[in-house]
């Protein structure tokens, strides 16, 4: 045989794949074989009225042992891609090939039956995942141990909590010892501890040379866990490259769309905008618009001004910016602190300070007032950031604490990773040559 | 050593191999899963233990009681079909298998939609399970039939003979034919909402056009070829031959049953293969 040719190292080949989902018109949903036969057009009745493209001319290859994340908004074709790879649906055009034993974790515990015991369900689920009866018997104890369900093995599955069922489903799949594993948004269920065990198992797979394709809305997970990421949008492959870069570009797009929506809404910062926009990467990881406090003082009208003093949804990296809020004390206060914080969308605090930390000693605050914080050079890395504002007492007792009250985007000509994008200069000495 | 699996997961267009054979081969390859899912069906139904088993017999026994009573009160059965209740027993039991398996097949993809969409299971498995589960019910009821034959034998109402052993073979051939029809029905039902109603109505019609309540030779000679065109007719004639008259099944009938099973499997598999790709999308 030939030596390690590039093709023998490929685990997944997707070659100019297009997938159209058939859409049937009214005649079909009414769906009558009788009328079709009577009219003598059974064949035509089976042909679709129109087709919806789920994937359009997508091509990529995955090398054996690679961990690849797939990101994109809902309806972008991510799940269709996994279903094609799993062989559940076939491409309308193009070619899909998966080399080696395939494991698909498209839904944990798909195929569990509530009336029969955990033991019997393990067997059926194992068979569904392509294990033989002997393999199931060999791995049975390990599956049960990993799922921590020893005592419940003979109870019918309907007596399990959803967490238990999820653990069992994952454990069976994790022990089906695939060469290529497809995972669709599975970590979104289950508790923190379970999520950690899943990640450990994934790391184990990676060391064992298992090829992993992971669809996830958790962008942090994708950029942490995957070397490479694909970005799908409306069925097209928009980006394929190092995970951090792909995720950064995807975030940028989401932010731009959000920013546009924000400006359309009229400057933003007000309440009543929870949960819009499905495409947002880290939605739900933080209490968006969360507001706590006694109300002895309130903060309103939070906005970001650009270098020219105009309210802005985005600021070029390195330029001046100014955060402002209008504060109001219901009754005169002598104990008060004003604060601003800038965080990432996923909640990491990038910057935070308040008047107490900066050494301002409160005397009196009454009625309406304005607080602003000027930043001469906003050297944040390009991306989307959130603003938290606070008015509280010096012991921390909140008057008004508002999380994620405003989002803005930092733009730059060139992407960079991380959170900080300082002014910088590259230097080279010796025999290094660059184009131009 | 990976090569064999490689070819099995490369999806070529158009699909390779003779269309008629592929669904059958896939179902056979997944037989462990078919058996496990069939056992699951039975286990879920017999959760009540012995009582569950009793209930699965209750329906055919009740039907039997009704037919036996009504037909004896209203008509006088011919002398050669007495005891009439025993004559009815094997046919009604077997028809119960045919009709329930085909009705289940019409719904199996809707009932198993999540499995089809979320796992890599071959869709052929589900009609196979629908037929397998109903076949198991029939087999579980056989001891009751055997007991009835023995009692009748002891009472000298019939003279039971070894010809009864042909009965399971007839059932096996019938099950193959039913599986073929189930393949067609299940895949068509994904596309057409009225398949189940259509099947239910056709089954009612077929019940009377099949020699179940009457022996086939009570049909006037000139109609018999037409009756034979009903794919089930010969099977039920053979059921009566083996489990009631205890006489050998004519060779021509064996050949006809084998041919019927082969044609049903072939046509059913061809229809299934034609519609297969859309099952996971439409179910």
Checklist line | Sole exception among (1) in a strand (DSSP E or B); (2) on the phi > 0 side of the Ramachandran plot; (3) under 30 Å from the mean Cα position of the chain (by Cα) for residue A:323, by number | finding: (2)
Next item on the list: Being modelled with pLDDT of 90 or more and not in a strand (DSSP E or B) is the filter here, so list the residues in segment A:235-245 that pass it.
Entry: A:235
Checklist line | Residue within segment B:79-93 that is surrounded by fewer than 18 Cβ atoms within 10 Å (Cβ to Cβ), touching a residue at least 40 places away in the same chain (Cβ under 8 Å) and assigned to a helix (DSSP H, G or I) present | finding: yes
Next item on the list: Hey, can you tell me all the residues within segment B:215-229 that are farther than 15 Å from residue B:78 by Cα and surrounded by fewer than 16 Cβ atoms within 10 Å (Cβ to Cβ)?
Entry: B:221, B:222, B:223, B:224, B:225, B:226, B:229
Item checked: Considering residues of segment A:118-135 that are facing chain B (nearest Cβ under 8 Å) and in contact (Cβ under 8 Å) with a residue 12 or more places away in the chain only, the residue nearest to the chain's Cα centre (by Cα) -> A:129
Check: Taking segment B:225-272 only, how many residues are in a helix (DSSP H, G or I) and farther than 16 Å from residue B:182 by Cα?
Finding: 27
Margin query: Please determine whether any residue of segment A:216-231 is touching a helix residue (DSSP H, G or I) at 6+ places or on another chain (Cβ under 7 Å) and within 14 Å of chain B (Cβ to nearest Cβ).
Written below: no
Next item on the list: Please enumerate the residues belonging to segment A:88-114 that are touching a strand residue (DSSP E or B) at 6+ places or on another chain (Cβ under 8 Å), more than 7 Å from chain B (Cβ to nearest Cβ) and under 15 Å from residue A:184 (Cβ atoms).
Entry: A:103, A:105
Check: Yes or no: residue B:111 within 12 Å of chain A (Cβ to nearest Cβ) and surrounded by fewer than 22 Cβ atoms within 10 Å (Cβ to Cβ)?
Finding: yes
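Going by what's in this entry, would residue A:275 be described as within 12 Å of the chain's Cα centre (by Cα), at pLDDT below 85, within 21 Å of residue A:347 (Cβ to Cβ) and in a loop (DSSP other than H, G, I, E, B)?
So residue A:275 does not fit the description; no.
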Check: What are the residues in segment A:397-436 that are more than 30 Å from residue A:220 (Cα to Cα) and in a loop (DSSP other than H, G, I, E, B), if any?
Finding: A:397, A:427, A:428, A:429, A:430, A:431, A:432, A:433, A:434, A:435, A:436
Next item on the list: Just name the residue that is farthest from residue A:250 (Cα to Cα) out of those in segment A:332-349 that are part of a strand (DSSP E or B) and modelled with pLDDT under 90.
Entry: A:349
Next item on the list: May I ask you to say which residue of A:62, A:96 is closer than 30 Å to residue A:146 by Cβ, modelled with pLDDT of 90 or more and assigned by TED's automatic domain parsing to the domain that holds residue A:224?
Entry: A:62
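Limited to segment B:25-39, what total is found for residues that are in contact with a helix residue (DSSP H, G or I) (Cβ under 6 Å, 6 or more places away or on another chain) and within 11 Å of another protein chain (Cβ to nearest Cβ)?
So the count comes out to 7.
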Next item on the list: Report yes if some residue within segment A:136-154 is within 14 Å of chain B (Cβ to nearest Cβ) and within 26 Å of the chain's Cα centre (by Cα); otherwise report no.
Entry: no
Item checked: Candidates A:377, A:372 - the one that is surrounded by 10 or more Cβ atoms within 10 Å (Cβ to Cβ), outside the structural domain of residue A:242 (by TED's automatic domain parsing) and not in a strand (DSSP E or B) -> A:377
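Matching residues to (1) over 30 Å from residue B:244 (Cα atoms); (2) modelled with pLDDT of 75 or more:
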residue: B:9; (1), (2): yes, no
residue: B:13; (1), (2): yes, no
residue: B:16; (1), (2): yes, no
residue: B:28; (1), (2): yes, yes
residue: B:51; (1), (2): no, no
residue: B:62; (1), (2): no, yes
residue: B:67; (1), (2): no, yes
residue: B:85; (1), (2): no, yes
residue: B:91; (1), (2): no, yes
Item checked: Single match in A:207, A:236 (criterion: free of Cβ contacts under 8 Å to residues at least 24 places away in the same chain, over 23 Å from residue A:127 (Cβ atoms) and in the same structural domain as residue A:16 (by TED's automatic domain parsing)) -> A:207
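The values are calculated or read from the model by the stated rules, or taken from the named source; none is laboratory data. Here the structure is a predicted model, which is why all the values come from computation and not from measurement. Quick reminder, even Gly has a Cβ in these numbers, built from the backbone with ideal geometry, and neighbours come from all protein chains shown.
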